[in-house]
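For reference, the structure discussed in these notes is given below.
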Amino acid sequence: MEGNTAWVLASAALVLFMTPGLAFFYGGMVRSKNVLGMLMQNFFSMGLVSVLWAVFVFSIAFGGTGKFLGDLNLVGLKTLGDVKSVIPAYAGKYALVVPPLAFVAFQLMFAIITPALITGVMTDRMKFRAWVVFLGAWLVFVYAPIAHWVFAPVGWLFKLGALDFAGGTVVHINAGIAALAVILVLGRRRGWPDETMPLHSLPLTLLGTGMLWFGWFGFNAGSALAANGLAAQAFLNTNNAAAAAMLGWLVVERLKGGHATTLGAASGAVAGLVAITPCAGYVGGLSPIIIGFVAGAVCFMAIQLKFRFGYDDALDVIGVHLVGGIVGSLLLGLFAEKAVNPDFGAKRLFFGGGLELLGYQAVAVLATMVWSGGISFVLAKVISATIGLRCNDEEEIVGLDLSQHAETAYSFGELGSMGRTG
Amino acid sequence: MKLITAIIKPFKLDEVKEALRGLGVQGMTVSESQGFGRQRGHTEVYRGTEYTVDFVPKVRVEVLADDSDVDRLAGAIVSAARTDKIGDGKVWITPVEQAIRIRTGEMGADAL
């Protein structure tokens, strides 16, 4: 118990570290007048989601034994301080081997980063207060139910037999399709795609990628919810998929465009991490390398689609998270191995024959896309019609840093005077 | 020969560039700059304290032009950069003694 608890708590901290990692990964890719806006959208998730989670969202996500949604019995986490207390959905063979509060903390970090992933399409033009409302509403109406369906052993997709070790559907497909729904309402950045929008700091993006890769060990290996061999398998799978995806992306990039780029290396690694997320505790051997390599190559091609279809997926949330999540979730149907994890019944293609698991995976992918895409679109529409979703032109031109937060990210030199007025 | 210098709002740069290109201008120099005119600066907030920042970010556009083109080009800049709001900037024109294209050594109007 002690060892398991130590690992799950450490993993929770690792997963939290991914959110600032994501903030820098995204922040480096925007123009310098929008970098604080980007960082703030991500950091703010650590604030709002933590509070809502403790107050009632953990309860509606993981409480009760219903198939579609939790209940309100764990509101305020009141009974969970007792280490002998039990989360009802985790009974029998699914009983947790860590204290309930360790599980609450670990799941909280997932709830923080998942909506933060969506911010990659909101760059340069989303009103901050619109994001505040969207974030809270999305957590309640989209994240909580889908986490319940897939992660909780009583959820309908879990019971169906669909597998998602650490969040291919719950996190990546969920955020990716929500991003697509949001930009349908939000529209393109002013000047896209004709104007150049220079990435202001690739070093920040690489730094963020390193933080994400590091934190992802908690995300995937922590999802074993125990300090055991399965965690070790997930740990190694995570690393190797990221590595192979970096290579896959760079190979295609080099063949198509002539250069292997740093942004390509970073994006490829993230695509691999996304794709291995659902698979991490179900595959072994060289499978993660194959999955990663495929994800890197496919995501590279997927991000070109935005120019063909004219949607402004500014930081490629759709191309990397939606597509990478689908690649991982479906490949799991082919590569899952009972030898790695006996904890599933359905047949899988390469290690046991049959397409049964692939079918369940497809159902989970579709269900997530329909619910998240639909509700996210409605939320964006409602916000757009009430408090407004998008900055006015003037605010967008000035940049989010100044217009939304009254701050400047970088002040070099002594030019300019600044007087205190209040 | 004249030098046209324009201080404009940064987001108007693309329109000004296109307007000048449309009139056959072959080159220009652009730099980010800061300053103030009648437009006030803006306010920033750090840990609850408000500060005014006097200098507003602007873009400085410089174009060398033959005497006969100057009025046309300056007019194009003015109409492309105008928003009718305070802070649209300024255009001024100064005489230029000589210009030399470095690569060929051409001088005067040939160097434009």
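Just so you know, all these numbers are worked out from the coordinates, no wet-lab data involved. Everything numeric here is computed off the predicted structure, so don't read it as measured data. Cβ placement follows ideal geometry from the backbone for every residue including glycine, while neighbour counts extend to all protein chains displayed.
What FRET efficiency comes out for B:D84 versus A:A362 if R0 is 51 angstrom and r is the Cβ-Cβ distance? Round to the nearest 0.05.
Efficiency at R0 = 51 Å is approximately 0.35.
Given the options A:Q233, A:V294, A:G191, identify the residue whose Cα lies farthest towards the positive end of the charge dipole of the protein assembly as shown (+1 on Cβ of Lys, Arg; -1 on Cβ of Asp, Glu).
A:Q233
For the ranges A:362-375, A:399-412, what's the packing order if you count other beta-carbon atoms within 10 Å of each residue, average per peptide, and put the highest first?
The most tightly packed comes first, giving A:362-375, A:399-412.
Please list, by residue number, every one of the chymotrypsin sites (Phe, Trp or Tyr not before Pro) in segment A:190-249 that is coil in DSSP and has at most 10 other beta-carbon atoms within 10 Å.
Sites meeting the loop and neighbour criteria: none at all.
Helix B:70-81: angle to the longest alpha-carbon principal axis of chain B, degrees 0 to 90, nearest 10?
Between helix and principal axis, roughly 30 degrees.
Given the pairs A:K127/B:K9; A:K306/B:K85; A:K159/A:K381; A:K84/A:K159; A:K306/B:K58; A:K127/A:K159, which span a C-alpha to C-alpha distance of over 29 angstrom in this model?
A:K306/B:K85; A:K159/A:K381; A:K306/B:K58; A:K127/A:K159
I'd like to know which of A:G374, A:F307, A:V340 lies farthest towards the positive end of the charge dipole of segment A:304-399, counting +1 on Cβ of Lys and Arg and -1 on Cβ of Asp and Glu.
Of the listed residues, the answer is A:V340.
If one takes the longest principal axis of the Cα atoms in chain A, at what angle in degrees, from 0 to 90 and to the nearest 10, does the Cα axis of helix A:100-118 lie?
Relative to chain A, helix A:100-118 is tipped by roughly 40 degrees.
Between A:F351, A:F165, A:F44, find the one with the highest GNM mean-square fluctuation for chain A; connect C-alpha pairs within less than 10 Å.
Comparing A:F351, A:F165, A:F44 in a Gaussian network model of chain A, the most mobile one is A:F351.
Could you work out how far helix A:35-52 tilts from the main Cα principal axis of chain A, as a 0 to 90 degree angle to the nearest 10?
40 degrees
Hey, could you pull the Cα Rg and Dmax for segment A:9-129, both in Å?
In Å, with Rg to one decimal and Dmax whole: 16.7, 53.
Given points 7 Å out from each Cα along the Cα-Cβ axis, report the A:F43 to B:T29 separation in nanometres with one decimal.
Reported label-point gap for A:F43 and B:T29 is 3.9 nm.
Once you list every other residue whose beta carbon is under 14 Å from the beta carbon of A:D313, what net charge do they have if Lys and Arg are +1 and Asp and Glu are -1?
Its environment carries a net charge of +2.
Modelled label-to-label distance, A:V133 and B:D67, 7 Å Cα→beta-carbon offset: nm?
Rounded to a tenth, the inter-label distance reads 6.2 nm.
If you take the alpha carbon radius of gyration of chain A and divide it by 2.2 N^0.38 Å, what ratio comes out, to two decimals?
Its radius of gyration relative to the 2.2 N^0.38 Å reference: 0.95.
Pairs of Cα atoms under 8 Å, at least six residues apart: use those to get the relative contact order of segment A:190-332, whole percent.
25 percent
Bins of 5 Å, beginning at zero and ending with the bin holding the largest distance: percent of Cα pairs per bin for segment A:76-171, please.
2, 11, 19, 21, 18, 13, 8, 5, 2, 0
In debye to the nearest 20, how big a dipole does segment A:267-422 give about its Cα centre with +1 on each Lys and Arg Cβ and -1 on each Asp and Glu Cβ?
720 debye
Rg (Å, one decimal) plus Dmax (Å, integer) for the alpha carbons of segment B:2-96?
Here Rg and the maximum Cα pair distance are 15.3, 55 Å.
Counting each pair of different Cα atoms once, what's the Kirkwood radius of segment B:6-48 in Å, rounded to one decimal?
13.1 Å
Report, in whole Å, the centroid distance computed from the Cα atoms of segment A:97-127 and segment A:162-191.
Taking the Cα centre of segment A:162-191 as reference, the centre of segment A:97-127 is 13 Å away.
List every residue whose amide H lies under 5 Å from the amide H of B:E50, counting only residues 5 or more places away in sequence or on a different chain, with H placed 1.01 Å from N in the peptide plane.
Sorted by chain and number, the residues that satisfy this are A:T421, A:G422.
Using Cα pairs under 8 angstrom and six or more residues apart, how large is the relative contact order of chain A, in percent?
Computed over chain A, the figure is 23 percent.
Shielding of B:42-54 by partners, i.e. mean partner chain Cβ atoms within 10 Å per residue?
Per-residue shielding by partner chains comes out at 5.
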